[in-house]
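A short write-up of the structure that comes next.
The values are calculated or read from the model by the stated rules, or taken from the named source; none is laboratory data. The structure displayed is predicted, hence computed values, not measured ones. Please note: Cβ atoms are built from the backbone with ideal geometry, for glycine as well, and neighbour counts cover all protein chains shown. With ligands, DNA and RNA removed, areas are computed over all heavy atoms of the protein, side chains included. Shrake-Rupley method; radii C 1.70, N 1.55, O 1.52, S 1.80 Å.
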Protein chains: 2
Amino acid sequence: MDQALSIAEFAEAFGVTPRTLRFYEQKGILKPVRRGRTRLYSERDKIRLKLTLRGKRLGFSLNECINIINMYDSSPAAENLQLLHLCRKIREHRVQLISKMKDIEETLSAMDSVEEQCLAQLLEDSSVDKPESAVK
Amino acid sequence: MDQALSIAEFAEAFGVTPRTLRFYEQKGILKPVRRGRTRLYSERDKIRLKLTLRGKRLGFSLNECINIINMYDSSPAAENLQLLHLCRKIREHRVQLISKMKDIEETLSAMDSVEEQCLAQLLEDSSVDKPESAVK
DNA sequence: GATATAGTTGACGTTAACGTTAATTAAGTG
DNA sequence: CACTTAATTAACGTTAACGTCAACTATATC
């Protein structure tokens with residue numbers, strides 16, 4: 001199931017190009033094992049790429065994505081002080097995400113009202129275009 | 001209340017630079033009135049800038065933001081066919097936004113569990129570091 | 001053993017979204 | 001009216017995030 005994938009397969013599976021994967025590797029996001037010089041992508045790479053792409057969809061830069069990922073990665077068995085630091089970063093990130101959710105909610109409700117007006121206008125137009133149905 | 005603002009005031013009010021405002025103008029997002037050559041920003045510019053910045057926070061490109069804004073702007077008294085087109089664009093955009101919301105929700109719940117593990121670890125550590133409280 | 005197929009490493013190119021600087025101008029102030 | 005202050009245009013610079021291309025290599029197949 002989680003056998004290592006070649007770069008083309010891995011890229012295909014996530015809708016990105018091989019070039020993107022090499023670029024992410026150089027950025028430290030991915031660390032595929034090598035068979036000879038050829039890259040082989042593992043389950044861990046899969047998770048990290050997933051997190052990266054999700055971050056990007058939400059408007060975070062690659063560097064921000066890296067921070068987010070490292071946040072998740074540093075969890076198991078860390079020093080006490082680092083755990084506290086992690087907790088603080090989590091709270092900060094949560095604030096950002098919740099703020100983005102509010103942006104989305106506002107946009108959605110604005111869109112709802114535009115759609116409503118739009119539909120109302122269409123109804124009005126149709127009753128004007130076909131006067132018989134309005135007269136009868 | 002909604003008197004026209006100079007470029008510096010307007011920029012300051014939104015946390016952007018004058019250069020950004022001129023750039024957005026050239027992109028067709030803003031259309032400040034001129035007193036002489038000096039730009040004066042109106043309520044309409046305010047709304048359009050707000051929408052633009054919100055779009056950017058959600059990871060949309062400037063061109064996508066322009067499309068979104070034009071969507072809102074084309075609503076009053078459009079042709080029937082265009083109204084239908086608008087409705088479709090609204091539905092498409094809604095899909096994108098809801099998808100982004102799911103991304104956020106997933107991230108939030110993942111963060112919750114990381115935080116939980118983090119706190120559990122901290123508790124465990126503290127009961128090991130202070131054996132008296134565990135013994136007593 | 002020639003050749004087709006993937007993959008690799010540079011290295012330069014490109015686009016979006018502004019930053020920065022210079023040269024000019026208009027408006028207010030002592 | 002000399003001078004400061006804020007604004008303007010024009011033009012080149014910059015950074016992130018890849019795209020593109022060339023030259024090379026390893027493997028498999030006929």
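Build a GNM of chain A with springs between Cα atoms under 10 Å apart, and of A:LEU83, A:LEU122, A:LEU97 the one that fluctuates most is A:LEU122.
With all protein chains in place and a 1.4 Å probe, the accessible surface of chain A carries 54 percent carbon and sulfur. Ranking B:LEU53, B:PHE14, B:LEU30 by how far each Cα lies toward the positive end of the dipole of chain B (charges on Cβ) leaves B:LEU30 at the top. Chains A and B together bury some 3800 Å² of accessible area, summed over both sides, with a 1.4 Å probe.
Sorted from closest to farthest, the other copies place their B:PHE14 label points 3.5 nm away, with each point set 7 Å from Cα along Cα→Cβ.
Sorted from nearest, the other copies put their B:GLU124 label points 6.5 nm away, the label point being 7 Å from Cα in the direction of Cβ. For chain B, lysine pairs with C-alpha atoms less than 22 angstrom apart, excluding pairs fewer than eight positions apart on the same chain, total 15.
For the protein assembly as shown, the Kirkwood radius over C-alpha pairs fed into Stokes-Einstein at 25 °C and 0.890 mPa s yields D = 107 µm² per second. Between beta-carbons, use under 11 Å as the cut-off and find the net charge around B:ASN67, counting Lys and Arg +1, Asp and Glu -1. Once positives and negatives cancel, what remains is -2. Shown here is the pair-distance distribution of segment A:1-43: with all Cα-Cα distances grouped in 5 Å bins from zero up to the longest one, the shares run 6, 25, 34, 28, 7, 1 percent. Residues of segment A:48-82 that lose at least 40 Å² of accessible area (1.4 Å probe, protein heavy atoms only) when the other protein chains are present, relative to their chain alone, are A:ARG54, A:ARG57, A:LEU58, A:TYR72, A:ASN80. The residues neighbouring A:ASP112, those whose beta-carbon lies less than 12 Å from its own, together hold a net charge of -2 under the Lys/Arg +1, Asp/Glu -1 convention. Each copy carries a label point for A:ILE98 at 7 Å from Cα toward Cβ; from one copy, the others' points are 2.5 nm away, ordered from shortest.
Rounded to the nearest Hz, the phi-derived 3J(HN,Hα) couplings of segment B:104-109 under the Karplus curve 6.51 cos²θ - 1.76 cosθ + 1.60 (θ = phi - 60°) are 5, 4, 4, 4, 4, 6, where x marks glycine and proline. The alpha carbon gyration tensor of segment A:1-73 gives principal lengths a ≥ b ≥ c with a/c of 1.5 or higher and a/b greater than b/c, which makes the shape prolate. Solvent-accessible area per residue in the protein assembly as shown equals 64 Å², computed with a 1.4 angstrom probe and all protein chains kept. Over chain A, dividing the summed -39,500 (n - 2.57) contributions of all DSSP H runs of at least 4 residues by the number of residues returns a 222 nm mean residue ellipticity of -24500 deg cm²/dmol. The chain B residue nearest the rotation axis shared with chain A, using its Cβ and rounding the distance to whole Å, is B:GLY59, 1. Take every pair of alpha-carbon atoms less than 8 Å apart whose residues are at least six positions apart; their mean separation over the length of chain B yields a relative contact order of 14 percent. Assuming a ≥ b ≥ c are the square roots of the Cα gyration tensor eigenvalues, decide whether chain B counts as rounded (a/c under 1.5), prolate (otherwise, with a/b larger than b/c) or oblate. Here chain B falls in the oblate category. Taking a Cβ cut-off of under 10 Å around A:LEU21, the surrounding Lys, Arg, Asp and Glu residues balance to a net charge of +1, with basic ones at +1 and acidic ones at -1.
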